[in-house]
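Here the structure is laid out as structure tokens; the discussion comes afterwards.
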Amino acid sequence: MDLYEYQGKQLFATQGIPVPAGEVAVTPEEARAAAERIGGKVVVKAQVQVGGRGKAGGIKVAENPDEAEAHARAILGMDIKGHVVHQVWIEAASDIEREYYASITFDRGEKKPLVMLSAAGGIDIEEVAATRPEELARLHVDPLTGFQAHHGRWLAYHANIDAVAIRDVVSVLERLYAGFISLDAMLMEINPLILTTDGRVIALDAKVTIDGNSVGRHPEMASFQESGAEDPQERMARERGVTYVKLDGDVGILGNGAGLVMSTLDVVALAGGRPANFLDAGGGSKADDVVTALEVLLSDDKVKSLLVNIFGGITRCDEVAEGLLTALERLGATLPIVVRLDGTNEEEGRKIIADRAPSNVVVEKTMLSAARRAVELAKEAA
Amino acid sequence: MDLYEYQGKQLFATQGIPVPAGEVAVTPEEARAAAERIGGKVVVKAQVQVGGRGKAGGIKVAENPDEAEAHARAILGMDIKGHVVHQVWIEAASDIEREYYASITFDRGEKKPLVMLSAAGGIDIEEVAATRPEELARLHVDPLTGFQAHHGRWLAYHANIDAVAIRDVVSVLERLYAGFISLDAMLMEINPLILTTDGRVIALDAKVTIDGNSVGRHPEMASFQESGAEDPQERMARERGVTYVKLDGDVGILGNGAGLVMSTLDVVALAGGRPANFLDAGGGSKADDVVTALEVLLSDDKVKSLLVNIFGGITRCDEVAEGLLTALERLGATLPIVVRLDGTNEEEGRKIIADRAPSNVVVEKTMLSAARRAVELAKEAA
Amino acid sequence: MSILVDASTRLVVQGITGREGAFHATRNKAYGTNVVAGVTPGKAGQDVDGIPVFNTVRDAVEATDANTAMVFVPPRFAADAIYEAIESGVDLITCITEGIPAHDMLRVYTHLRRGPQTLVGPNCPGVISPGIATVGIMPTQVFTPGRVGLVSRSGTLTYQISKELSDMGIGQSTVVGIGGDPVVGSSFIDILARFDADPDTDLVVMVGEIGGAEEEKAADFIAENMTTPVVAYIAGFQAPPGKQMGHAGAIITGSSGTAQAKKDALEAQGVRVGTNPTEVAELVRERLG
Amino acid sequence: MSILVDASTRLVVQGITGREGAFHATRNKAYGTNVVAGVTPGKAGQDVDGIPVFNTVRDAVEATDANTAMVFVPPRFAADAIYEAIESGVDLITCITEGIPAHDMLRVYTHLRRGPQTLVGPNCPGVISPGIATVGIMPTQVFTPGRVGLVSRSGTLTYQISKELSDMGIGQSTVVGIGGDPVVGSSFIDILARFDADPDTDLVVMVGEIGGAEEEKAADFIAENMTTPVVAYIAGFQAPPGKQMGHAGAIITGSSGTAQAKKDALEAQGVRVGTNPTEVAELVRERLG
């Protein structure tokens, strides 16, 4: 689960990581009120989960509450790379002396947290990593013994952090690591971590990703779940617990297990078709999941044919077949549907389709032939 | 550092381990007031760091505040195995259904925390361990991965904890372990851990020892340091940072390093003498430590001769010699003193003694001869 | 003849009285696996289809000499269950559970890899040595005994490709689903090394997918260490781009992780990569001659 | 010729700009030890008696190929310093610091013992191979080169017994103070095993004291594994009884831990135990013939 900047900063504050005073606003009037409470110069920042909002005009400095309101009015509703701005974050402006970069990532490859620190922070950190790698200090941490004081020192010296800031930067790293662990984060990134002209070290941005499997044990994050920038089908799918990503083709695809679904997309493409989506009904798909999945798929009117590709393990083919019939009955879909069922209870499943399915449903025996048939049918229907 | 029961229970409460409501009282009147606030039947318990207080009459049940006051009057000032009672703990009486035993120890041998649990709690747990070891479940815990839920289950099943109490007992073990780690404990023992007639699990006693090397990082324990039951010399020594234990002989002993001091005691005994004390001025003894050490030693009038046995490593012999002269001058001691100096700056040290020491100070070249001489001198002086 | 699971396997099923645990324990037993015990706290003395239930894994191991554990408990209790299995001393632990918090697995993994025991999974379909024994949730009718090993990150794709092999008359020595989570107990390399050491495996099929760099590492391992030939499949050429984990993610990942990058890495080391499951089976047949 | 410390030792001193660190680093160097680096955070570029100072141990090791670290930092920073030394890759770490919290050392110890590196201490005087090199705080004038190894829990008693040996003309191959804390990196057994494997050590003196059961374990180890003869000394026959750690302490300890119990355990395994330091040296002379 990706968090908005303001949510990340709220978590930072609970971990003792210094952040500027700030408030969320969803209307220009709220933005003005927030600016008044904060006092002095403020920054109005679009809350979107996409990079480059500064260049897109989503970050503006306001000298007073009037300006804050005007900026908020301009930014709210803005579309930044497909993400509509529903909230702005108003925070006290900082006088920046230096911009550092600090992050902790769950490194799947090494299976350890990776801490990175650089004195060359700001938006171009990937460029730094690529062209001047010696300026980006990197350190993996043993998950059982954790982040030690010497790790912080090594990183600070090797990242060439200014001497005056070393103690505070190391303290931020220690708190960042503690938060990374206690909050079940996959990523915590501060870019920039600034040194102010009066010598304070402050997190000016916050990019936080929480492990989706761990959200249940963090009640404090329950309110973070809502997200405003999704495709309607994606939102419906997420709310019903199936994994759905919309693509731009016309062959709708429903499978079970991410690997099989990806393979199905590939095979459809090899057969000359264009997949309309990625939809994984889950490894243990039951009839209800299939109904949900079909509802999601059929709500996309670009879909011209449907390929249902199931290989039952925990999933039982007869339950999938029943779900399919239930969904078709309820939704009254008439587009051509190609079904391939293999694995647990495959014969019962095929028999259910053969005996009771409407005429727009055809069964194919192999994944390859099913993909070819679905592509043909989509072309015929187009 | 050993804690009193009431201190242990205060720590238990901060860890979420259930304890009876209670208060400390240092006068009978305070005991009455506490009993009134707690309400109902209470128990008045002598606060001493020694076992067997129940048998000695140090624990009494009071039906009402009058009785509580009377019991406190009887118990305060009582001498239990050499420990004078200065405080009583007044707590709500519990209705006991079963008595369990639970503890976590810092096991030096295995270098792991050892968790023990038994359904046969109460005062006879050592007897249980010796004669019915199968009733005492024992489990070592990996310090890096910590106490897991399955450890608690295994202990509870193997200790034959009543089914109705298993969940709460496991919860107590988990909290006890968390406290053991976070409080830097060497021992946390609950005997008995009771199941009440209404099905609650409560720690009825608390025996807690904190690692002396860690006390500095636990400001919440600063108030626990004071201790009322020490020998005056032991207290003086502790306050000045030297390790002193009084024994019942007449040869006073001052050395540096616990091993050498123990060896000195043994050699004195082999020479037919009786050591008056164990005094380790520390591995890095400086002049001031020697002054302090001599002050402590000379305040015991059973001491007839003194053996100063120093082997300098970090300790420098010349500094010890200077300290010795300073102390003798300040304290005006006239008893015979045998000095043996070896190691770092030994020649300078011996020269200081030879040139400037009063006539009651003699130098011996070896530890063995010094011990024999000190024993002879003590016998002559007796 | 096989790796990890065979006729000497003595299985204890953790979470055996749950719906899935009971179903699959029974099916594993029916296939011929020696399922000697189950564990559910508080249910010692009961049985599931004749399999005795114990309170703890240690009790089960002491009573039955189990040497393999299968974890079927819910995600938030799964790390504890794996630790319990490790401490019980079994050689192999297979964790089927999906949805375990990643940080839990990070600690489990770090601890486990400092000892001699093997973990397969979590979030995996298990291990089957066709005709001999199965530990997990695989649909056993898909597999046939033979001399081709298969290792896969994906469950259903494992079944698909095994079925393609079986349909072509090519049997399997052992099929291993290593699981698709960020942290799994056994990597491609771990399993490839075991197949390479197995005298009864003539060829290995490796089934990868987009994300991570495990297939790229495996490509190097195959070239440097293996004598047994390998045929690969990679899923996800058409997959939507995965989300980037901030700048940090981009810095770590670089260009690796795409299906094309994985295919290129494997082919650069001489490993043939099929474009679809059927073609993978054809490449295997061709290679076996 | 020696164990742990010798002419190949390249020492980095952690906490070199502190009072004790500077004093002993300089003395170790003067004795002939190859002291190649010191570490004090923030003081890179300085030097102590010509020894270059670095910010981190890793930097020191990269610049100087140090293979041994000596820790001289205050107790609350010492665990961190040991971890830093471990991660720097040095082979041997000697920790002089006294007063380290026991739980800190418990974690350090558990981590350390899963890897290949050696820790001596904490709360120990260090290691000396007389005439070759010294790492620690021992008064070097007490020792003479020779073929008797010595291992001890006590610092000053180490000096005492080494001096008794030297006075009798018996030199030492290496003298190791393992430290007296509840958790130390190397046990009697660890060091005895090294001496037993050292062709230039003819006999080992083991100096124990009351408390714990390490001497009892060593007695069994000597009988079962060692060919090099051992002479022992135990201090504390007259010591006041140690405090009992509750019922739990009594249950764990049982009857072991007293000086008499240790002496009995050693003699039962054929190890001669001297009653005072001088007699220990006499037993060594007798045994060497």
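Each value in this text was obtained by applying a stated rule to the coordinates, not by laboratory testing. Only a predicted model underlies this, so the values are computations on that prediction, with no experimental measurement involved. Reconstructed Cβ throughout: ideal geometry from the backbone, glycine too, with neighbour counts over all protein chains shown.
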Checklist entry - Which whole number of Å³ per residue matches the convex hull of the alpha-carbon atoms in the range D:10-120? => result 87 Å³
Item to check | Cβ-Cβ FRET estimate between residue B:217 and residue A:134, R0 fixed at 45 Å, reported to 0.05 | outcome: 0.75
Next on the checklist: Taking loop as defined by DSSP and a crowding limit of 15 other beta carbons within 10 Å, which trypsin sites (Lys or Arg not before Pro) in the range B:1-88 fit?
Outcome noted: B:55, B:81
Item to check | Mean separation of Cα contacts under 8 Å (6+ apart) over length of chain D, as relative contact order % | outcome: 14 percent
Checklist outcome for this item: chain C, Gaussian network, Cα under 10 Å: of C:155, C:89, C:169, the residue fluctuating most is C:169
Checklist outcome for this item: Which residues qualify? For residue D:232, with a placed amide H closer than 5 Å and at least 5 residues away or on another chain, they are D:206, D:272, D:273, D:274
Item to check | Ascending count of other beta-carbon atoms within 10 Å, so fewest first, for B:100, B:157 | outcome: B:157, B:100
Checklist outcome for this item: Ordered by fewest other Cβ atoms within 10 Å, a rough proxy for footprinting exposure, C:5, C:39, D:90, D:207 read D:90, C:5, D:207, C:39
Item to check | Choice from D:180, D:236, D:21 with maximal GNM fluctuation in chain D (Cα, 10 Å cutoff) | outcome: D:236
Checklist entry - Between the DSSP loop rule and a limit of at most 15 other Cβ atoms within 10 Å, which trypsin sites (Lys or Arg not before Pro) in the range B:325-382 are left? => result B:365
Checklist outcome for this item: For residue A:316, the residues 5 or more places away or on another chain with a placed amide H closer than 5 Å to its own amide H are none
Item to check | Relative contact order of the range C:10-120, defined on C-alpha pairs under 8 angstrom at six or more residues apart (%) | outcome: 23 percent
Next on the checklist: Taking the number of other C-beta atoms within 10 Å as the exposure measure, put D:24, B:140 in order starting with the fewest.
Outcome noted: B:140, D:24
Checklist entry - How many angstrom lie between the C-alpha centres of the range A:1-72 and the range C:11-75? => result 55 Å
Checklist entry - Residues of the range B:259-298 with amide nitrogen under 20 Å from the 7 Å Cα-to-Cβ point of residue B:379? => result B:264-277
Checklist entry - For peptide B:137-144, how many partner chain Cβ atoms fall within 10 Å of a residue's Cβ, on average? => result 4
Next on the checklist: Students often get this wrong, so check it: of B:246/D:163; B:9/B:81; A:81/A:379; A:111/D:43; A:45/A:207, which have C-alpha atoms separated by over 25 Å?
Outcome noted: B:246/D:163; A:81/A:379; A:111/D:43
Item to check | Using a Förster distance of 25 Å, the FRET efficiency for residue B:235-residue B:335 (Cβ separation, nearest 0.05) | outcome: 0.65
Checklist entry - Which residue of chain B is nearest the rotation axis onto chain A, counting by its Cβ, and what is the distance in whole Å? => result B:144, 2
Next on the checklist: Below 8 Å, C-alpha to C-alpha, sequence gap of six or more: please give me the relative contact order for the range D:139-288 in percent.
Outcome noted: 24 percent
Next on the checklist: Going by Cα centres, the range B:326-382 and the range A:91-148 are how many Å apart?
Outcome noted: 63 Å
Item to check | Beta bridges by DSSP in chain D, antiparallel share as percent, to the nearest 5 | outcome: 20 percent
Item to check | About the Cα centre, charge dipole magnitude for the protein assembly as shown (Lys/Arg +1, Asp/Glu -1 at Cβ), debye | outcome: 520 debye
Checklist entry - What stretch of chain B, leaving out the sites themselves, is the longest with no GluC sites (Glu not before Pro) in a DSSP loop having at most 15 other Cβ atoms within 10 Å? => result B:231-382
Next on the checklist: With only alpha-carbon atoms in the gyration tensor, what are the semi-axes of the equivalent ellipsoid for the protein assembly as shown, in Å, largest first?
Outcome noted: 65, 35, 35
Checklist outcome for this item: the range D:126-190 and the range D:91-119 have their Cα centres apart by a whole-number Å value of 20 Å
Checklist entry - If you line up the long axis of helix B:258-270 against the longest principal axis of chain B, both from Cα atoms, how many degrees apart are they, to the nearest 10? => result 70 degrees
